[in-house]
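Working notes, beginning with the structure itself.
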Amino acid sequence: MSVAILYITDRGHTLAKRLTGLYPEARIVKFSSGTVPALWKESKNLIFIMATGIVVRTIAPLLQGKHVDPAVVVLDEKGMFAVSLLSGHLGGANELAKEIANFLGSEAVITTASDVNTMPSIDLWARDNDLTIENWSLVPQIGTRCINNGTLRVYTDVGIELPDEFLKVSDPRFADLFITNKRDVYSTSAVRVSGESTQCSAGACRVKGQLYLRPKNLILGIGCNSNTPADEIEQAARRTLDAYNLSFASVHSIATIDIKGNEPGLKAFAEKHTLGIVTFTPDELNRVEGIAKSEAALKATGAHAVAEPAAFLSSGSNVLLVSKQKIGNVTIAVAEKRFGGQKEEKKVSVKEKNSAAEKMGASGKIYIVGTGPGSIEHITPHAQDAIRKSDIIVGYGTYIDLIGELIKDKEVFSTGMTKETDRCRKAVELALEGKTVAVISGGDPGIYAMAGLVFELIKTRDELSVMSNELKDSALSSDASRITPRASRSLSVEVIPGISALNACAARLGAPLMHDFASISLSDRLTPWDLIEKRLEAAAMADFVIALYNPKSKGRAEHIGRAREIIAKHRAPGTPVGIVKGAMREDEKIVITDLKAMLDHDIDMQTTVIIGNSKTFLWNNLIITPRGYENKKQ
Ligand code: SAH
């Protein structure tokens, strides 16, 4: 490790000498602006013992970029602070500052956001996992997104273990990061790029600024005539990869026959891109079965074929991504090797942090989380973060299944659909034991869901504890063990909103909720049916757009018919009606109809029905309720 220590004063010199206890090989140099440029080139680590201002002015003209500049740490003369000034991550200045602070018993000053927020830094994570960053200019933006959202969404087709903070998504449009050797994920993914889907084309919906990280997992099997120039080989490689939508940045190494190991053009090409060359003997190559044989190759090299068997042997794979291509003097085949650049994770995971907090006697927390209508893409980053921070997930089967990827390593407490009270009671108990619990509801947790119930249970506990305290105070009871602490004091509860079914369904239908609307649940499990009828009547009469939740279930098939009948007393038969089943899920179904015909369509418990008001109209198969702009004089 090359270290240079620069000082100005005698005191600085003394401190520099002390640091040789840590870096015995370090060069100690008296500072002058003329000495810095040479050291800048020679040393990987520069330690300045002087004011940061001097350092900033001196190094400013020398800066080139974060992957080339050395680590710069600045110390005050007393060595009280070790400031990581430049190249904190890739250059290692943060580590250097920490190491120095540790040695001197002083404080390291680290300002890189990911460290302050204990989030993984993309550049370090990529480096530690042998991933090449394709577009460095996107890195700051993606890093900020990670810190602000508490997560990054990753689309990958290689088996790579992701940190807790990263979330795997199956649709590339919603990814912040791609980890793939495909040059363009959209040209191979199942996502419709344009056209037929009226909902959302890839171009319109994809996340802005998506960063490619390239796994080095492509093996180029190459054969070539003697004296083929490096440029020709490179062009053949690039043309082949381009034609098969593969990224050049993912090339791991070259595989060829032993006699080509010293071929000048091949060697120059490999050196230019720091690629290794793996060679095989003709015998080894000839042992690979099922390869097209070439007489010319046999004559020239003693092997029946070179490019394909070399790619097979070097990759360990038994399929080729690209079979032999002959381009001028070059033959080339491409195989993919298993990607396994994973290195040890040093970072403390959120889970470990939680259990540490628990040991310190921290009180519990309940997150009441809305997970939106279905797919993970529609869960807010804040909700994902809360789920990640939780020790235990409490929820009901369907919703838990929909977010399987998010909770795969969590303890889950699940009961049947109608056991909401049991689930919420359990959540409160666990939180009172000091656990962090996420109570999961689909859609929004405060709309026909769990938020109210959790609060009601805590309120009841509080009231019980006040009552038993009063009993104790009046000396009517001496049984102190029955007294529970006031639940609300030791619990922190946070409701995290989600996209409710009415938002999701309205979005699918157009803009039906643009004006006053009423949402009415047709479930009479907890509400008397005559009250539901009264509300339907009132909303219909007052010309509210009406969103019907829980429209139908086995025991209540006739309710939707009765609801339609009540609304039809006040609305025209042609009033637009939207029926959305499983919005934002794989089995989504959207029907646009009217009040007269709505019962002809499939309506079940995964469906929300939206009935327009007297002004709602249809346009291009969309339901639109006017807000009234057209009446406003400009
Ligand atoms: N908390 C949820 C509502 C729970 S009540 C929310 O905010 O959305 C359950 C009802 O919600 C279902 O009977 C159905 O009417 C509606 N619903 C939930 N998810 C839906 C979806 N993906 N598509 C259509 N309706 C849905």
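The values are calculated or read from the model by the stated rules, or taken from the named source; none is laboratory data. Remember, predicted model here, so these are calculated numbers, not experimental data. Every residue, glycine as well, gets a Cβ built from its backbone with ideal geometry; the counts of neighbours run over all protein chains shown. Accessible surface areas use protein heavy atoms only, side chains included; no ligands, DNA or RNA. Shrake-Rupley method; radii C 1.70, N 1.55, O 1.52, S 1.80 Å.
The table below lists the values:
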item: Between the range 567-616 and the range 59-132, the alpha-carbon center distance in angstrom; result: 58 Å
item: Distance histogram for the range 492-634 (every C-alpha pair counted, 5 angstrom bins, percent rounded to whole numbers); result: 2, 10, 20, 23, 21, 13, 7, 3, 2, 1, 0
item: DSSP beta bridge pairing in the range 508-629, given as percent antiparallel to the nearest 5; result: 70 percent
item: Relative contact order (percent, whole number), the range 526-595, Cα cutoff 8 Å, 6+ residue spacing; result: 24 percent
item: Between helix 451-473 and the chain: long-axis angle, C-alpha atoms, 0 to 90°, nearest 10; result: 70 degrees
item: Protection proxy ranking of 150-157, 64-71 - average other beta-carbon atoms within 10 Å, highest first; result: 150-157, 64-71
item: Fraction of accessible area attributable to carbon and sulfur, the chain (%, probe 1.4 Å); result: 52 percent
item: Cα-Cα over 30 Å, subset of K98/K410; K182/K260; K208/K324; K208/K326; K30/K66; K98/K365; result: K98/K410; K208/K324; K208/K326; K98/K365
item: DSSP beta bridge pairing in the range 1-153, given as percent antiparallel to the nearest 5; result: 20 percent
item: Surface accessible to a 1.4 Å probe, H89 within the full protein complex, Å²; result: 30 Å²
item: The chain - percent relative contact order, Cα under 8 Å, separation 6 or more; result: 8 percent
item: Alpha-carbon centroid distance for the pair the range 211-244 / the range 136-190, whole angstrom; result: 26 Å
item: For the chain, share of DSSP beta bridges that run antiparallel, in % to the nearest 5; result: 40 percent
item: Using alpha-carbon coordinates, inclination of helix 559-568 to the longest axis of the chain, degrees; result: 70 degrees
item: Bins of 20 Å, starting at 0 and running to the largest distance - Cα pair percent for the chain; result: 15, 32, 33, 17, 3, 0
item: Degrees between helix 139-149 axis and first principal axis of the chain (Cα, 0 to 90, nearest 10); result: 30 degrees
item: Surface per residue (accessible, 1.4 Å probe) for the chain, Å²; result: 49 Å²
item: Cα-based Rg and Dmax for the range 216-336, where Dmax is the largest Cα-Cα distance (Å); result: 12.6, 34
